[in-house]
Amino acid sequence: MTETEVLQKYWGHQAFRPLQQEIIASVLARNDTLALLPTGGGKSICFQVPALMREGICIVVSPLVALMKDQVENLKSKGIEAVAIYAGMGKREIDILLDNCIYGNIKFLYLSPERLLSELVRVRISYMKVNLIAIDEAHCVSQWGYDFRPSYLQVKALREFAPEAPVLALTATATEPVRQDIIEKLDLRDAQIFVKSFARQNLSYVVADDEDKHRKLLKVVRSLQGSGLIYVRNRRETTEVASFLQRNGVSADFYHAGLEKEVRFAKQAEWKIGKSRIMACTNAFGMGIDKADVRFVVHWDLPESLEAYYQEAGRAGRDEKRAYAVLFGGKTELRLLETRFKDHFPTPAEVKHIYQQLGNFYQLAYGAGEGLSLSFDLPEFCKRFTLNPNKTLQALKFLEHDGYLTLSERIYNPSRIIFLTGHEDLYRFQIENRLYDPLIKVILRSYGGSFDQYVGISESELAKRTGMSYNEVVAALKYLQKSELLDYLPQSDDPQLTFLRPRTDQVHFDLDTAYLNWRQDVQRAQILAVSEYAVRPVCRSLQLLRYFGEQTAEACGTCDVCLAEKKASRASELNDRIDFEILGALQQDRPVLDELMQAVKSGSDKERLTRIRELLDAGKIKTDGQHYYL
């Protein structure tokens, strides 16, 4: 099949979006490729289509576990076999999935970057017939980038285990230094580079410097139709902003990562179908959500980089219809941005202190903990040791860079089981243990393939079908696990922290302070770029495009700066016409005010009167108190 036939068969689209076909052709020609497509530009198609056209498996590296899981489910719904391996999964489960990739018909293996640290994963990849390596969110490999993730530096090792496979690096946001860094860090050979313009013709950028943000927000949501997103800085503000809108008769909800999994899923689903119109959220919301008709995105606070802003604002107007990106950037927000930078960037001593408190938090002895993965509750950790959450997150990134640990995002893993015994032994157990027979029968009827791989289960559903209580089902599953009939992995919904080294004492703890200081300079430059964007009276789109290297771009004509310039230009043209008509009338006669007003046809009465007064003040016309003359 041709690439177009594959697109039509699996996705139902008749044609590719701009640059997709060119990128796919480059990959099929086995070129290393760097592709920059804006948010919503269809990056996944660029590796999924060519991978389906070639024998073998495509390895996809992504830092966004929720997005990986969504793509796996979407591929499976099209009849395409795909699996994902990420933090929080057990060794046995990973072992089975990797075996399926080697001996089964799996076409896509999604990996989180920290999994590439595992020797088990690396060795097994060398046995796979890899047809393509796709690196999503490739800007994360660049230390110049706004979202650098140290675990991404391991991605380069994939080439050692699949040397013949071409590499496709994909990102939505990358400045010129970041692009060069991606090519270098991923060892791309004679890379073909495809860059779609960052211009969004249908997206109007606005910076509001109104100090009364609540009043301005109401004006925005009432003047625009359709659904919207409001990005705020912290969890508290999500509830406050949503409550304010609700009190003023606007349909709104709130979302943040601290909510229970079922609550998050329900809120997300209701917003997607339009049951709730506006979502006030942290940046935990929106990534990978395919909702084309978002009419506006409001940033309640200034972001910490233009890359992050462009990506989040870009979630508006994916249907190519007019949409708006509104940024609150008054003097207060500018001061807060600078304060956050100063307060949230850790010193070397603070990084060292936070590392030692992690050991205390998990009660690890010095020299212990290597390879240990544990659920990590950031709010609980910071509360117990009186730490600043943002500064702690920054410190964890430096600890990750220096190889002490890795931290994954918050992940929801459903409960899973796999039978460890054969059919005959299981049947014998059922006869000898009648109490567990109904539960085993329901599992076998409800969840196919449970002898070959881990399958997701619902304890609530099992309780409903067996007449047992939820707690009885859990207790029974744990007993069956203890009896070595099955392996039971209860659901989890926490980030995973993995210690890469044994716990180090304070004397032997070593931190790359030069790197820490350099990253501080990079972040300071990013914050300065945001501040300049908010205050410079230059086309907003033009500023963003130049930031991303499009130096020959033209003004958009639709942002607040362009519209203000158009308004001023129209006012100037109108004033010139009124002046011409006033002076022409006075060359003919010495009229009284009413006669002069009637002689001028352009503008309103107020505009004509204003120009008469200004011409008098400038001495260009005169009056004796009754008549007007030159």
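Against the list (1) farther than 30 Å from SER197 by Cβ; (2) modelled with pLDDT of 90 or more; (3) among the charged types (D, E, K, R); (4) touching a strand residue (DSSP E or B) at 6+ places or on another chain (Cβ under 8 Å), the condition GLU114 fails is (2).
Residues checked against (1) closer than 30 Å to ASN202 by Cα; (2) aliphatic (A, V, I, L, M); (3) out of contact with any Ser or Thr (no Cβ under 6 Å at 6 or more places or on another chain):
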| site | (1), (2), (3) |
| --- | --- |
| ALA553 | yes, yes, yes |
| ALA564 | yes, yes, yes |
| ARG570 | yes, no, yes |
| LEU574 | yes, yes, yes |
| ILE578 | no, yes, no |
| ASP589 | no, no, yes |
| ASP594 | no, no, yes |
| ALA599 | no, yes, yes |
| ARG613 | no, no, yes |
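I'd like to check something: does region 343-361 contain any residue that is at pLDDT below 90, in contact with a helix residue (DSSP H, G or I) (Cβ under 6 Å, 6 or more places away or on another chain) and not in a helix (DSSP H, G or I)? Checked against the condition, which is being at pLDDT below 90, in contact with a helix residue (DSSP H, G or I) (Cβ under 6 Å, 6 or more places away or on another chain) and not in a helix (DSSP H, G or I), region 343-361 yields at least one hit.
Taking LEU168, is it of a type outside the set (Val, Ile, Thr) and at pLDDT 95 or above? Yes, satisfied.
Quick check, is LEU306 touching a residue at least 12 places away in the same chain (Cβ under 8 Å), within 17 Å of ASP147 (Cβ to Cβ) and of a type in the set (A, V, I, L, M)? Taking the combined requirement at face value, the residue satisfies it. Condition check for THR386 on (1) polar (S, T, N, Q); (2) at positive phi; (3) in contact (Cβ under 8 Å) with a residue 40 or more places away in the chain: one failure, at (3).
Scanning region 309-322 for residues that are touching a residue at least 60 places away in the same chain (Cβ under 8 Å) and in a loop (DSSP other than H, G, I, E, B) turns up GLY314, ARG315, ALA316, GLY317, ARG318, GLU320, LYS321, ARG322. Counted as qualifying within region 457-535 are the helices (runs of 4 or more DSSP H) with 2 or more residues that are in contact (Cβ under 8 Å) with a residue 60 or more places away in the chain, namely 513-535.
I'd like to know if region 372-384 contains one or more residues that are at pLDDT below 90, in contact with a strand residue (DSSP E or B) (Cβ under 8 Å, 6 or more places away or on another chain) and within 19 Å of GLN154 (Cβ to Cβ). Scanning region 372-384 turns up at least one residue that is at pLDDT below 90, in contact with a strand residue (DSSP E or B) (Cβ under 8 Å, 6 or more places away or on another chain) and within 19 Å of GLN154 (Cβ to Cβ).
Of all residue pairs spaced 6 or more apart or on separate chains, those with beta-carbon atoms under 6 Å, a first member in region 250-274 that is touching a residue at least 60 places away in the same chain (Cβ under 8 Å) and a second member that is hydroxyl-bearing (Ser, Thr, Tyr) are LYS261/TYR412.
Given the condition crowded, with 19+ Cβ neighbours inside 10 Å, closer than 24 Å to VAL507 by Cα and not assigned by TED's automatic domain parsing to the domain that holds VAL241, answer yes or no: does some residue in region 355-365 qualify? Yes, because at least one residue in region 355-365 is crowded, with 19+ Cβ neighbours inside 10 Å, closer than 24 Å to VAL507 by Cα and not assigned by TED's automatic domain parsing to the domain that holds VAL241.
For region 424-456, a residue qualifies if it is part of a loop (DSSP other than H, G, I, E, B), at pLDDT below 90 and within 14 Å of LEU486 (Cβ to Cβ), and the qualifying residues are TYR447, GLY449, SER450, PHE451, ASP452, GLN453, TYR454. Selection within region 564-579: residues that are hydrophobic (A, V, I, L, M, F, W, C) and loosely packed, with under 15 Cβ neighbours inside 10 Å. The member of this set that is modelled with the highest pLDDT is ALA564.
For region 204-212, the criterion of being free of Cβ contacts under 8 Å to residues at least 60 places away in the same chain and either of a type in the set (D, E, K, R) or in the same structural domain as ALA313 (by TED's automatic domain parsing) (or both) is met by at least one residue.
Within region 190-203, the set of residues being among the acidic types (Asp, Glu) and either in contact with a Leu (Cβ under 6 Å, 6 or more places away or on another chain) or assigned by TED's automatic domain parsing to the domain that holds TYR324 (or both) is empty. Does THR558 qualify as being at negative phi, of a type in the set (Val, Ile, Thr) and within 53 Å of the chain's Cα centre (by Cα)? Against the criterion (at negative phi, of a type in the set (Val, Ile, Thr) and within 53 Å of the chain's Cα centre (by Cα)), THR558 qualifies. Taking the criterion of being surrounded by fewer than 18 Cβ atoms within 10 Å (Cβ to Cβ), hydrophobic (A, V, I, L, M, F, W, C) and within 20 Å of LEU217 (Cα to Cα), the only residue of region 281-334 that qualifies is LEU334.
Here MET597 passes the criteria (1) within 52 Å of the chain's Cα centre (by Cα); (2) surrounded by 15 or more Cβ atoms within 10 Å (Cβ to Cβ) except the one numbered (1). Restricting attention to region 59-77 and to residues that are surrounded by 14 or more Cβ atoms within 10 Å (Cβ to Cβ) and not aliphatic (A, V, I, L, M), the residue that is farthest from SER151 (Cα to Cα) turns out to be ASN74. Within region 206-224, the presence of a residue that is among the polar types (S, T, N, Q), touching a strand residue (DSSP E or B) at 6+ places or on another chain (Cβ under 7 Å) and either loosely packed, with under 13 Cβ neighbours inside 10 Å or in a strand (DSSP E or B) (or both) is excluded.
Scanning region 280-306 for residues that are out of contact with any helix residue (DSSP H, G or I) (no Cβ under 7 Å at 6 or more places or on another chain) and of a type in the set (D, E, K, R) turns up ASP290, ASP293, ARG295.
For VAL167, the test of being more than 23 Å from PRO113 (Cβ to Cβ), within 25 Å of the chain's Cα centre (by Cα) and of a type outside the set (Lys, Arg) is failed. Restricting VAL155, VAL130, VAL123 to those that are surrounded by fewer than 18 Cβ atoms within 10 Å (Cβ to Cβ), of a type in the set (A, V, I, L, M, F, W, C) and over 17 Å from the mean Cα position of the chain (by Cα) reduces the list to VAL123. Name every residue in region 138-163 that is over 19 Å from ASN517 (Cα atoms) and of a type in the set (A, V, I, L, M), in order of residue number. If the condition is that a residue be over 19 Å from ASN517 (Cα atoms) and of a type in the set (A, V, I, L, M), then ALA138, LEU153, VAL155, ALA157, LEU158, ALA162 are the ones that fit. A single entry from VAL195, VAL232, VAL221 fulfils the requirement of being touching a residue at least 40 places away in the same chain (Cβ under 8 Å) and in contact with a Phe, Trp or Tyr (Cβ under 7 Å, 6 or more places away or on another chain): VAL232.
The values are calculated or read from the model by the stated rules, or taken from the named source; none is laboratory data. The structure presented is a predicted model; accordingly, all values stated were derived computationally and were not measured. Don't worry about glycine lacking a Cβ; one is built from the backbone with ideal geometry, like all the others, and counts go over all protein chains shown.
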